[in-house]
Amino acid sequence: MEKTLEQFEIGERGAVKRVLGEGKIKRRLFDMGITPGAEIFLRKKAPLGDPIEVTVRGYELTLRKTEAACVVTEVEG
Amino acid sequence: MKNFALAGNPNCGKTTLFNSLTGSTAHVGNWPGVTVDKKTGTYKKCAEPIAIVDLPGIYSLSPYTPEEVIARNYILDEKPDCVINIVDATNLERNLYLTTQLIEMDVPVVIALNMMDEVEKAGDKIDSVELEKRLGVPVQKISALKENGLKELMDRAYAESKKTRVGATVLEKSALSHLIGDIKIALKGQGVKDPLFHAIKLVENDSIETEMHKDTLQMINEFKETFEDEIFGDDFEALVADARYKYISENFAPTLKKKNKEKFQATRSDKADKVMTHKIWGIPIFLLILFAIFHLTFSEDFLYLGKIFSLPSLEDLGFLTAEGEPLNYGVRWLACLYDGAVFSPGVIINNIWNNMLVGELFGWLGGLVEGSSMSSWAVGLINNGIFDGISSVLSFLPPILVLFLFFSILEDSGYMARIAFILDRMFRRFGLSGRAFMPMIMGFGCSVPAMINTRTLADEKERTATVRVIPFFSCGAKLPILTAVAGAIVAYFGVGNADVITFLMYLLGIVTAIVAVLLMRSTTLKGETPPFIMELPAYHAPQFKNLMAHLWDKTKHFVKKAFTIILASTIVIWFLTHFSFAWKFLEDEEINQSILAGISQLVQPLFTPLGFGSQLGEYGWVFVVAAVAGLIAKENVIATFATLAACLVAVANLNVGGLDIAAEEGVDAVQAMVLATGIGVPGLIAFIAFNMTTIPCFAAVGTAKAELQNDKRFKGTLVFWIAASYLVAAAIYTIGSWWWTAFIWAALVGLATWLIVWLNKRSALKAKKAEQ
């Protein structure tokens with residue numbers, strides 16, 4: 001099932017399928033290791049619900065929901 | 001001398017390695033044109049001394065951030081003899097992504113596989129020999145922290161630096177390899193150096209390269225028309241990034257053998273993080289830490305021991321003379337630690353530094369000058385101008401360093417990034433990111449380190465807006481103005497409560513800052529909210545050595561400033577207050593004939609709408625002088641009050657029975673000035689507000705200039721400070737004097753808001769039309 005990262009529940013995991021968006025933000029997501037095939041895991045949300053914290057390629061990354069909406073993933077179920 | 005560059009991701013231990021290699025030889029400067037630290041030092045344990053340049057920490061060599069552009073230009077243009085690429089072994093995949101870009105340049109590269117101790121502690125293994133074979137460049141295991149493998153690393157780098165190396169790429173098998181090969185040959189034909197690197201960046205449609213090689217771009221565009229990838233279409237930038245990571249996962253990552261196969265296991269750092277960023281407790285914990293820092297730095301009642309146990313003051317204990325002076329030398333030392341309450345560590349350090357060291361030194365120097373045979377004006381210049389100036393600046397050093405130490409600990413431990421994570425949501429409303437919070441809160445201590453801290457902000461406009469509002473977070477030196485004037489209002493007019501007035505003024509500063517940021521982000525500093533895609537580094541204990549290196553850098557920077565710009569300005573002010581227009585030397589009591597008084601009287605009418613201008617009559621200019629003197633250093637405001645009040649009492653024959661003008665808190669001095677000028681409560685409050693929001697002290701202005709790096713922005717900032725303070729003070733004075741003017745101000749604010757919204761809507765519409 002296809003799902004964007006900002007819709008993840010805490011503890012949910014998926015594999016990156018493609019990254020939407022333009023220029024700077026997209027390149028930044030790529031540079032940080034969010035590329036097709038990378039496994040991604042939603043570790044937690046900030047106390048106010050946004051931004052979110054994910055584990056990708058073995059390290060912790062934080063990004064906002066608006067940026068997470070650019071990350072399309074494939075999740076099981 | 002050979003020249004090596006250190007390159008690597010942020011948080012990979014680069015600074016630790018740099019400090020270990022160069023020891024005390026490090027020298028911090030700025031890269032020309034940008035505010036990114038340029039650190040250089042010398043390594044002396046090789047056959048010849050080696051200059052080491054610490055490049056900024058980066059994740060990639062994209063054209064989007066100044067740090068990345070600096071790093072790539074440095075390697076391409078300066079051609080270091082070797083690039084040492086530090087790779088965090090605990091985070092191999094992402095760190096090697098930068099490596100795949102570095103090895104494309106025609107420069108010798110050595111990989112320093114750092115944090116090997118942690119990898120081994122976790123029971124994991126890395127086959128560095130295999131990794132070396134696959135990468136094609138030497139790989140040396142090190143631990144920068146334990147200083148393991150550093151000698152081997154430098155010896156291998158030294159050996160490599162004698163060879164020449166041609167760039168290699170991991171994109172050989174990608175769909176773009178033919179195009180890259182063709183472009184490389186074309187560029188080589190044009191005599192371009194590092195043809196492989198430029199070819200790949202050009203294929204990525206990198207904005208720096210497309211500017212440089214316009215004619216070769218045609219080849220790529222022709223190729224693009226025949227090319228279609230099923231996932232990426234013709235987005236070559238994405239294709240290249242993807243190919244790099246694919247290659248890393250397939251070829252480099254397998255050299256790491258993990259003991260525990262579970263991908264998302266919880267480490268000790270994760271457990272700590274669970275508490276620190278907890279859904280409910282995260283924010284209270286953060287507030288508690290913040291409170292603890294300020295309590296440890298500034299509190300004169302440590303842990304409230306004095307209040308809780310009603311401890312006796314030194315006077316109660318009979319340790320003071322009738323004049324309130326310490327009985328003997330021992331009591332003087334005791335007074336640095338205790339007086340009715342135990343002082344916090346920050347205050348103790350401050351007292352020892354100021355009362356015992358700096359105070360003694362300058363007292364002794366002053367005595368020497370006093371006793372010499374110099375003319376009275378020279379004595380005045382040296383003692384009141386130069387010595388007082390330098391010592392008042394040096395007196396700032398302890399709180400700045402203590403505060404800076406705490407913030408360095410937060411930064412090094414990894415908690416600072418979490419604070420940004422917790423607060424980002426709130427700050428986004430004002431068009432800022434969560435990272436802007438730290439510099440702002442540091443402003444309560446001192447604007448100078450706060451402004452330097454804005455370097456952590458990636459977006460230039462966000463940074464400018466933050467630098468501009470930092471002075472509104474009232475710093476330690478502005479506190480005496482608040483307490484003195486608020487105290488005088490309570491004592492003389494018998495209204496209100498000094499604590500409440502002080503608190504409300506702090507609040508006023510914060511509100512002004514928020515309004516100003518909103519205003520700037522919707523007018524002159526318009527722009528999208530900067531993205532927030534940030535690594536959250538694992539927590540670890542801060543390194544004592546690194547902390548000391550930070551503090552030493554800061555001290556050097558500050559002392560240098562004290563002896564240059566601030567010293568010069570105090571001398572100028574001294575001349576202006578001690579000479580008349582006829583160039584006659586004036587005693588302290590004749591200050592109202594001075595050049596400064598003359599100028600102040602001239603500009604006095606400008607301050608009439610603020611309540612401390614022409615309406616105050618003959619001696620009203622004293623408030624103007626105090627405010628102007630505050631531009632040098634904010635503690636000058638109260639110091640000037642004391643000097644001026646003494647003159648006023650002498651000149652105006654005031655009946656100030658019982659007032660002690662020289663009393664340190666300045667409350668009585670302000671009362672004397674109220675008597676002489678007849679200023680009212682609204683005028684006094686407006687005076688505080690003006691001082692809080694106007695141009696900050698010389699040191700902060702100098703820092704703002706250095707940090708903004710752009711002359712137009714800097715001048716705009718000065719205008720902004722003047723306008724903000726003028727408007728805020730005028731509003732307070734007029735509303736305080738005539739309540740109905742509140743409606744006029746409300747109408748003006750409403751009108752301005754409507755105008756901005758309307759103009760923004762119009763320009764947005766225009767932009768849309770232009771697009772169509």
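Right, B:Ala292: part of a helix (DSSP H, G or I), within 8 Å of chain A (Cβ to nearest Cβ) and small (Gly, Ala, Ser) or not? Spell out how you get there, then give the answer.
On the way: part of a helix (DSSP H, G or I): yes; within 8 Å of chain A (Cβ to nearest Cβ): no; small (Gly, Ala, Ser): yes.
No.
For (1) crowded, with 20+ Cβ neighbours inside 10 Å; (2) under 30 Å from B:Tyr539 (Cα atoms), each residue gets a yes or a no:
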residue: B:Gly363; (1), (2): no, no
residue: B:Gly367; (1), (2): no, no
residue: B:Glu370; (1), (2): no, no
residue: B:Trp377; (1), (2): no, no
residue: B:Gly389; (1), (2): yes, no
residue: B:Pro399; (1), (2): yes, yes
residue: B:Leu403; (1), (2): yes, yes
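Going residue by residue through region B:524-533, is there one that turns out to be crowded, with 18+ Cβ neighbours inside 10 Å and over 30 Å from B:Cys12 (Cα atoms)?
yes
Quick check on B:Val129: is it assigned to a loop (DSSP other than H, G, I, E, B) and among the hydrophobic types (A, V, I, L, M, F, W, C)?
Values: assigned to a loop (DSSP other than H, G, I, E, B): no; among the hydrophobic types (A, V, I, L, M, F, W, C): yes.
Criteria not met by B:Val129.
What number of residues within region B:196-234 are farther than 30 Å from B:Arg165 by Cβ and surrounded by fewer than 19 Cβ atoms within 10 Å (Cβ to Cβ)? Write out each step before concluding.
Residues of region B:196-234 farther than 30 Å from B:Arg165 by Cβ: B:218, B:221-222, B:224-234.
Within this subset, residues satisfying the condition of being surrounded by fewer than 19 Cβ atoms within 10 Å (Cβ to Cβ) are B:218, B:221-222, B:224-231, B:233-234.
Number of matching residues: 13.
Which residues, taken from region B:132-164, are part of a helix (DSSP H, G or I), farther than 14 Å from B:Leu21 by Cα and of a type outside the set (Gly, Ala, Ser)?
Initially, region B:132-164 is screened for residues part of a helix (DSSP H, G or I), giving B:132-135, B:150-161.
From the residues that got through so far, the ones that are farther than 14 Å from B:Leu21 by Cα too are B:132-135, B:156, B:159-161.
Result: B:Glu132, B:Lys133, B:Arg134, B:Leu135, B:Arg156, B:Glu160.
Please give the number of the condition B:Asn251 fails out of (1) over 30 Å from B:Gly136 (Cα atoms); (2) surrounded by 14 or more Cβ atoms within 10 Å (Cβ to Cβ); (3) out of contact with any Pro (no Cβ under 7 Å at 6 or more places or on another chain).
All conditions pass for B:Asn251, except number (1).
Note down all Cβ pairs under 6 Å where the first residue falls in region B:239-250 and is more than 7 Å from every other protein chain (Cβ to nearest Cβ), the second is at pLDDT 90 or above and in a helix (DSSP H, G or I), and they're at least six residues apart or on different chains.
That search, which allows pairs on different chains as well, returns B:Arg244/B:Tyr97; B:Arg244/B:Thr100; B:Ile248/B:Glu93; B:Ile248/B:Leu96.
Any residue at all in region B:413-431 that's away from every other protein chain (no Cβ under 14 Å), crowded, with 20+ Cβ neighbours inside 10 Å and within 17 Å of the chain's Cα centre (by Cα)?
There is no residue in region B:413-431 that is away from every other protein chain (no Cβ under 14 Å), crowded, with 20+ Cβ neighbours inside 10 Å and within 17 Å of the chain's Cα centre (by Cα).
In region B:110-149, which residues are surrounded by fewer than 22 Cβ atoms within 10 Å (Cβ to Cβ) and under 32 Å from the mean Cα position of the chain (by Cα)?
Across region B:110-149, the qualifying residues are B:Glu118, B:Leu145, B:Lys146, B:Glu147.
Look at region A:29-56 and say how many of its residues are over 21 Å from B:Ile422 (Cα atoms), buried (at least 20 other Cβ atoms within 10 Å of the Cβ) and charged (D, E, K, R).
1
Every residue, every condition in (1) basic (Lys, Arg); (2) farther than 11 Å from B:Ile679 by Cα; (3) modelled with pLDDT of 80 or more, yes or no:
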| residue | (1), (2), (3) |
| --- | --- |
| B:Val603 | no, yes, yes |
| B:Phe607 | no, yes, yes |
| B:Phe612 | no, no, yes |
| B:Gln615 | no, no, yes |
| B:Leu631 | no, yes, yes |
| B:Asn636 | no, yes, no |
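Please go through region B:592-608 and pick out each residue that is within 38 Å of the chain's Cα centre (by Cα) and crowded, with 17+ Cβ neighbours inside 10 Å. Working first, answer last.
First pass over region B:592-608, keeping only residues within 38 Å of the chain's Cα centre (by Cα): B:594-608.
If the condition is that a residue be within 38 Å of the chain's Cα centre (by Cα) and crowded, with 17+ Cβ neighbours inside 10 Å, then B:Ser594, B:Ile595, B:Leu596, B:Ala597, B:Ser600, B:Gln604, B:Phe607 are the ones that fit.
Taking only region A:2-16 into account, find how many residues are more than 8 Å from every other protein chain (Cβ to nearest Cβ) and in contact (Cβ under 8 Å) with a residue 40 or more places away in the chain. Outline the logic, then answer.
Of region A:2-16, the ones more than 8 Å from every other protein chain (Cβ to nearest Cβ) are A:2-12, A:14-16.
Filter once more, so that each one left must be in contact (Cβ under 8 Å) with a residue 40 or more places away in the chain: A:2-6, A:8, A:12, A:14-16.
Total meeting the criteria: 10.
Determine if region B:251-272 includes at least one residue that is in a helix (DSSP H, G or I), facing another protein chain (nearest Cβ under 10 Å), touching a residue at least 60 places away in the same chain (Cβ under 8 Å) and polar (S, T, N, Q).
For region B:251-272, residues in a helix (DSSP H, G or I), facing another protein chain (nearest Cβ under 10 Å), touching a residue at least 60 places away in the same chain (Cβ under 8 Å) and polar (S, T, N, Q): present.
Which condition number in (1) assigned to a helix (DSSP H, G or I); (2) of a type in the set (A, V, I, L, M, F, W, C); (3) at pLDDT 80 or above; (4) surrounded by fewer than 24 Cβ atoms within 10 Å (Cβ to Cβ) is the one that B:Ile695 fails?
(1)
I want to confirm something. Restricting to region A:57-77 and keeping residues that are more than 7 Å from chain B (Cβ to nearest Cβ) and surrounded by 21 or more Cβ atoms within 10 Å (Cβ to Cβ), which single residue is nearest to B:Phe286 (Cα to Cα)?
At the first step, the residues of region A:57-77 found to be more than 7 Å from chain B (Cβ to nearest Cβ) are A:65-66, A:68-77.
Among the residues that remain, those that are also surrounded by 21 or more Cβ atoms within 10 Å (Cβ to Cβ) are: A:68, A:71, A:73.
Details: A:Ala68: 26, A:Val71: 30, A:Thr73: 33 Å.
Selected residue: A:Ala68.
Condition first: β-branched (Val, Ile, Thr) and under 16 Å from B:Leu6 (Cβ atoms). Now tell me which residues in region B:92-138 satisfy that. Working first, answer last.
Taking region B:92-138 first, the residues β-branched (Val, Ile, Thr) are B:99-100, B:103, B:107, B:109-111, B:119, B:126, B:129, B:137.
Within region B:92-138, B:Thr99, B:Ile103, B:Val107, B:Val109, B:Val110, B:Ile111, B:Val137 meet the criteria.
Using beta carbons and a limit of 9 Å, which pairs, at least six apart or on different chains, have the first residue in region B:152-170 and assigned by TED's automatic domain parsing to the domain that holds B:Ile75 and over 30 Å from B:Asp242 (Cα atoms) and the second one of a type in the set (Ser, Thr, Tyr) and surrounded by 14 or more Cβ atoms within 10 Å (Cβ to Cβ)?
Matching pairs, first to second residue: B:Met154/B:Tyr43.
Would you list the helices (runs of 4 or more DSSP H) that sit entirely within region B:408-521 and hold 2 or more residues that are of a type in the set (Val, Ile, Thr)? Give the derivation first.
Values: elements: B:415-428, B:437-442, B:447-453, B:460-469, B:479-488.
Once the helices (runs of 4 or more DSSP H) in region B:408-521 are filtered for at least 2 residues that are of a type in the set (Val, Ile, Thr), what remains is B:415-428, B:447-453, B:460-469, B:479-488.
Among the residues that make up region B:68-84, is at least one of them surrounded by fewer than 19 Cβ atoms within 10 Å (Cβ to Cβ), of a type outside the set (Asp, Glu) and within 14 Å of chain A (Cβ to nearest Cβ)?
no
Kindly evaluate B:Asn91 against the criterion of being crowded, with 18+ Cβ neighbours inside 10 Å and over 21 Å from B:Ile75 (Cα atoms). Step through it out loud before you land on a result.
On the way: crowded, with 18+ Cβ neighbours inside 10 Å: yes; over 21 Å from B:Ile75 (Cα atoms): yes.
For B:Asn91, the condition - crowded, with 18+ Cβ neighbours inside 10 Å and over 21 Å from B:Ile75 (Cα atoms) - is met.
Of all helices (runs of 4 or more DSSP H) completely enclosed by region B:1-117, which ones contain at least 1 residues that are hydroxyl-bearing (Ser, Thr, Tyr)? Break it down into steps so the answer makes sense when it comes.
Numbers: elements: B:14-22, B:66-73, B:92-102.
Result: B:14-22, B:92-102.
Filter region B:517-527 for residues that are of a type outside the set (S, T, N, Q) and over 26 Å from A:Ala46 (Cβ atoms); which is farthest from the other protein chains (Cβ to nearest Cβ)? I'd like the intermediate steps shown before the answer.
First, pick out the residues of region B:517-527 that are of a type outside the set (S, T, N, Q): B:517-521, B:525-527.
With the extra rule that they be over 26 Å from A:Ala46 (Cβ atoms), the set shrinks to B:519, B:526.
Values: B:Leu519: 24, B:Lys526: 17 Å.
The extreme case among them is B:Leu519.
With the condition kept exactly as written, say whether any residue in region B:278-300 is surrounded by 12 or more Cβ atoms within 10 Å (Cβ to Cβ), in contact with a Phe, Trp or Tyr (Cβ under 6 Å, 6 or more places away or on another chain) and within 30 Å of B:Ser474 (Cβ to Cβ).
Yes, region B:278-300 contains at least one residue that is surrounded by 12 or more Cβ atoms within 10 Å (Cβ to Cβ), in contact with a Phe, Trp or Tyr (Cβ under 6 Å, 6 or more places away or on another chain) and within 30 Å of B:Ser474 (Cβ to Cβ).
For region A:25-36, check the following and say yes or no: at least one residue is touching a helix residue (DSSP H, G or I) at 6+ places or on another chain (Cβ under 7 Å), farther than 18 Å from B:Phe236 by Cβ and in contact (Cβ under 8 Å) with a residue 40 or more places away in the chain.
Within region A:25-36, not a single residue is touching a helix residue (DSSP H, G or I) at 6+ places or on another chain (Cβ under 7 Å), farther than 18 Å from B:Phe236 by Cβ and in contact (Cβ under 8 Å) with a residue 40 or more places away in the chain.
The values are calculated or read from the model by the stated rules, or taken from the named source; none is laboratory data. Keep in mind that this is a model prediction, so the values were computed, not measured. Here Cβ is always computed from backbone atoms with ideal geometry, including for glycine, and neighbour counts include all displayed protein chains.
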